[in-house]
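S.K.: Here you go, one structure.
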Amino acid sequence: MNEQMMDVFLGRRSVRNYSGEQVPMEKLNQIIMAGLSSASGRGARPWELIVVRDKDKLIQLSGCRLKGTSRMLAGADAAIVVLGDETKSDVWVEDCSIVMANMHLMASALGVGSCWIQGRNRDAIDGETTEEFLRPILRFPDNYRLEAILALGMPEEETPVRSPESLPFEKVHINQF
């Protein structure tokens, strides 16, 4: 077993509280590269990424989800919005999810806190969908659909690592359910 990789998987947590320290550009670039290196159906790469570092824009984006589940964006140092071109692939949702997962794991491996904020099929605080809320702020074309936003910041505190024994092996079925 590759212990380093398993350590990243076991250590990954959603981080919603950030220290205010900037995410170094080198680390942000590595997170972006992890997303860009993702697999996609038929190599279509139907995704586009919008990296947001402007503090005013992050505060504006923090209202993109009902019930405040996107509030952490106001305290984040950066966010990466993942969009999918539905005209390029019928599996754009899955392809964009792989991008999000790769970036989420890379952030964790680099000691950067991250939180996946689901956007597709979600509502904003103003009664619009999250996608409708974000479109005029980020000005993405109509054929691009919102998948999710990855909030990024240096963690306010260290998060505990899961133990392999805590994994739900009862969810694994061999040969049949």
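Each reported figure results from applying straightforward, stated rules to the coordinates on display, with no laboratory input. Keep in mind the model is a prediction, meaning the values are calculated, not measured.
S.K.: Over the chain, calculate the relative contact order: mean separation of alpha carbon pairs under 8 Å at least 6 apart, over the residue count, as a percent. Could the numbers behind the result be given before it?
M.R.: Working: 323 pairs, mean separation 57.7, N = 177.
Answer for the chain is 33 percent.
S.K.: Distances longer than 30 Å among the Cα atoms of the chain: what percent of all pairs is that? Walk me through the intermediate numbers first.
M.R.: Working: 3129 of 15576 pairs.
More than 30 Å apart: 20 percent of the Cα pairs in the chain.
S.K.: If a/c stays under 1.5 just call it rounded; otherwise compare a/b with b/c (prolate if a/b is bigger, oblate if not). Do that for the range 1-58, with a ≥ b ≥ c from the square roots of the Cα gyration tensor eigenvalues.
M.R.: Oblate shape, in that a/c is at least 1.5 and b/c is the bigger or equal ratio.
S.K.: Would you be so kind as to identify all helices of the chain, as entire DSSP H runs, whose Cα atoms reach 18 Å or more along the helix's own axis and whose mean Kyte-Doolittle hydropathy is at least -1.0?
M.R.: 92-109
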